[in-house]
1. Please go through (1) more than 21 Å from Gly13 (Cβ to Cβ); (2) over 17 Å from the mean Cα position of the chain (by Cα); (3) surrounded by fewer than 15 Cβ atoms within 10 Å (Cβ to Cβ); (4) of a type outside the set (Gly, Ala, Ser) for Lys157 and return the number of the only condition it doesn't satisfy.
2. Of the numbered conditions (1) within 15 Å of Leu138 (Cα to Cα); (2) in contact (Cβ under 8 Å) with a residue 60 or more places away in the chain; (3) not in a helix (DSSP H, G or I), Leu89 fails exactly one; give the number of that condition.
3. So, in the stretch 22-71, of the ones that are of a type in the set (Asp, Glu) and either within 19 Å of Thr181 (Cα to Cα) or not in a strand (DSSP E or B) (or both), which residue ends up modelled with the lowest pLDDT?
4. Name the single residue, out of those in the stretch 61-76 being in contact with an Asp or Glu (Cβ under 9 Å, 6 or more places away or on another chain) and in contact (Cβ under 8 Å) with a residue 24 or more places away in the chain, that is farthest from Met90 (Cα to Cα).
5. Of all residues in the stretch 16-50, count the ones that are of a type outside the set (A, V, I, L, M, F, W, C), out of contact with any helix residue (DSSP H, G or I) (no Cβ under 6 Å at 6 or more places or on another chain) and more than 23 Å from Gly159 (Cα to Cα).
6. Condition test on Gly24, is it touching a residue at least 40 places away in the same chain (Cβ under 8 Å) and either at positive phi or of a type in the set (S, T, N, Q) (or both)?
7. On the basis of being at pLDDT 95 or above, acidic (Asp, Glu), farther than 30 Å from Glu172 by Cα and over 15 Å from the mean Cα position of the chain (by Cα), does Glu94 make the cut?
8. In the stretch 166-179, which residue that is under 17 Å from the mean Cα position of the chain (by Cα) and either surrounded by 22 or more Cβ atoms within 10 Å (Cβ to Cβ) or free of Cβ contacts under 8 Å to residues at least 12 places away in the same chain (or both) is nearest to Lys2 (Cα to Cα)?
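The values are calculated or read from the model by the stated rules, or taken from the named source; none is laboratory data. Because the structure is a prediction, the values reported are computed rather than measured. Don't worry about glycine lacking a Cβ; one is built from the backbone with ideal geometry, like all the others, and counts go over all protein chains shown.
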Amino acid sequence: MKVFIAGASGRIGKLLTVDLVKRGINVIAASRHPEAVSASDKVCPVEFDLKAPAKTMVYPLKDADAVYFVAGSRGKDLLQVDAFGAVSLMKACELAGIKRFIMLSSFDATKPEIWQDSPSFASLTDYYIAKYFADEWLIQNTDLDYTIVQASYLSEKPGTGLIQVNPPAMGENTLDDVAQTLAECLDMPTTYKKVITMCQGQNPIEEALLLA
């Protein structure tokens, strides 16, 4: 199996690449900075521009069985990268005939009625709007077999391998646990067409996802 990762040089992207390779999966590691990705017989770094038209994105995807979007501009280019870049990649998947699409998002990004009225989200409003746009487009305007993983606050603490899915409130996630959750979703049909919120919990990741 071969997967395409948009954002492979980021914190989550690097961990996800390692996790997938451990599972015997070949990775097309796409990034604006492919030199930041370590190449191997299982990992092929490619330069990739999320601001490019969808039809231009098709060629790098052509051998992939599934696509991950874990890229982000860190607030520097929310419209063109986090929002429209994600949508363009979805369109490219449809043009390439790829059905499986897994996207990393943020906790409750599809529930503006919650975050618009919360003081804790005030400084992240533009970011959440970008995520809302991308998530809703994937759900409403594509026929892709998607999974949207909406993670809580990210921590660089060691991973636990234990999470809670669809918790009542935002918590914390380690980068390791988010990457492992994304990898676990890949060939798990029970996660198709679902938005999964997550935070640290008491259930092993695979078991938690079966309950999603």
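1. (1)
2. So the condition that Leu89 fails would be (3).
3. Of the stretch 22-71, the ones of a type in the set (Asp, Glu) are 35, 41, 47, 49, 63, 65.
Within this subset, residues satisfying the condition of being either within 19 Å of Thr181 (Cα to Cα) or not in a strand (DSSP E or B) (or both) are 35, 41, 49, 63, 65.
Numbers: Glu35: 93, Asp41: 96, Asp49: 95, Asp63: 90, Asp65: 98.
Restricting to residues being of a type in the set (Asp, Glu) and either within 19 Å of Thr181 (Cα to Cα) or not in a strand (DSSP E or B) (or both), the top hit is Asp63.
4. Gly75
5. First pass over the stretch 16-50, keeping only residues of a type outside the set (A, V, I, L, M, F, W, C): 17, 19, 22-24, 26, 31-35, 38, 40-42, 45, 47, 49.
Adding the requirement that they be out of contact with any helix residue (DSSP H, G or I) (no Cβ under 6 Å at 6 or more places or on another chain) leaves 17, 22-24, 26, 31-35, 38, 40-41, 49.
Next, from what is left, pick out any that are more than 23 Å from Gly159 (Cα to Cα): 26, 31-35, 40-41, 49.
Looking only at that region, the number is 9.
6. Values: touching a residue at least 40 places away in the same chain (Cβ under 8 Å): no; either at positive phi or of a type in the set (S, T, N, Q) (or both): yes.
Answer is no for this residue.
7. Details: at pLDDT 95 or above: yes; acidic (Asp, Glu): yes; farther than 30 Å from Glu172 by Cα: yes; over 15 Å from the mean Cα position of the chain (by Cα): yes.
In short, yes.
8. My answer is Ala179.
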